[in-house]
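The values are calculated or read from the model by the stated rules, or taken from the named source; none is laboratory data. A quick note: this is a predicted structure, and the numbers were derived from the prediction, not measured. Ideal geometry is used to build each Cβ from the backbone, glycine not excepted, and the neighbour counts take in all protein chains shown.
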Amino acid sequence: MFRRPMATSPEKKVVITPIATNRKAYFDYEVSEDIEAGIVLQGTEVKSLRTGKAALTDAWAEVVRGEVILHQLYVAEYAFGNVFNHAARRSRKLLLHREQIDRLERKTSEKGFTLIPLELYFKEGKAKVKLGVCRGKKQYDKRATVKARDVRREQERDD
């Protein structure tokens with residue numbers, strides 16, 4: 001007689017809702033590693049993010065006194081926020097483990113490396129930001145990236 005194996009635990013699907021991506025960062029920077037971090041938000045910021053009103057274009061992060069701070073992240077003011085609304089480009093603290101912060105601090109102390117937010121999304125109802133440890137590309141590196149992308153597109157078109 002055939003018996004179906006019993007499932008020990010039901011597989012939990014992780015729901016990720018994208019808010020914003022920093023497409024220009026992949027063109028301007030060479031991403032050596034990335035890390036997911038939580039972000040400390042005010043109430044009206046969360047409501048504004050749920051409507052998808054955010055931009056990562058000029059944002060950057062740094063380690064200050066053992067904390068990772070995200071600067072210049074644009075989160076539009078909430079339309080119904082009245083006097084409790086937030087500042088659109090305020091600095092926000094990121095939530096990481098101590099070991100992760102120490103590793104990021106060591107990496108960014110090397111010449112040419114910086115922390116750039118790559119994506120902003122909701123993961124299981126909590127706002128997360130994907131930080132990249134990046135090094136700026138030179139102009140000739142950018143041209144090589146464009147050329148490789150065009151060659152790849154041509155090959156896909158031919159297939």
Among the residues of region 131-148, is there at least one that is aliphatic (A, V, I, L, M) and under 12 Å from the mean Cα position of the chain (by Cα)?
yes
Regarding region 73-83, can at least one residue be identified that is in a strand (DSSP E or B) and either acidic (D, E) or closer than 23 Å to A20 by Cα (or both)?
yes
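Just to be sure, is K107 in contact (Cβ under 8 Å) with a residue 12 or more places away in the chain, more than 30 Å from K138 (Cα to Cα) and of a type in the set (K, R)?
Judged against the criteria, K107 is not a match.
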Are any of the residues in region 46-69 touching a strand residue (DSSP E or B) at 6+ places or on another chain (Cβ under 6 Å), of a type in the set (S, T, Y) and without any contact (Cβ under 8 Å) to a residue 24 or more places away in the chain?
no
Boolean, Y78 is among the aromatic types (F, W, Y) and farther than 30 Å from Q139 by Cα
yes
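Can you pull out every residue in region 49-67 that is in contact with a helix residue (DSSP H, G or I) (Cβ under 8 Å, 6 or more places away or on another chain), in a loop (DSSP other than H, G, I, E, B) and surrounded by fewer than 19 Cβ atoms within 10 Å (Cβ to Cβ)?
Initially, region 49-67 is screened for residues in contact with a helix residue (DSSP H, G or I) (Cβ under 8 Å, 6 or more places away or on another chain), giving 54, 56-57, 62-63, 66-67.
Checking which are in a loop (DSSP other than H, G, I, E, B) leaves us with 56-57, 66.
Within region 49-67, T57, G66 qualify.
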Considering region 113-143 alone, what residues qualify as being over 16 Å from V40 (Cβ atoms), modelled with pLDDT of 85 or more and not in a strand (DSSP E or B)?
E124, R143
Expected single match for outside any strand (DSSP E or B), modelled with pLDDT under 85 and among the β-branched types (V, I, T) among V46, V14 is V14
For region 114-146 the number of residues that are over 25 Å from K13 (Cβ atoms) and either β-branched (V, I, T) or surrounded by 19 or more Cβ atoms within 10 Å (Cβ to Cβ) (or both) is 9
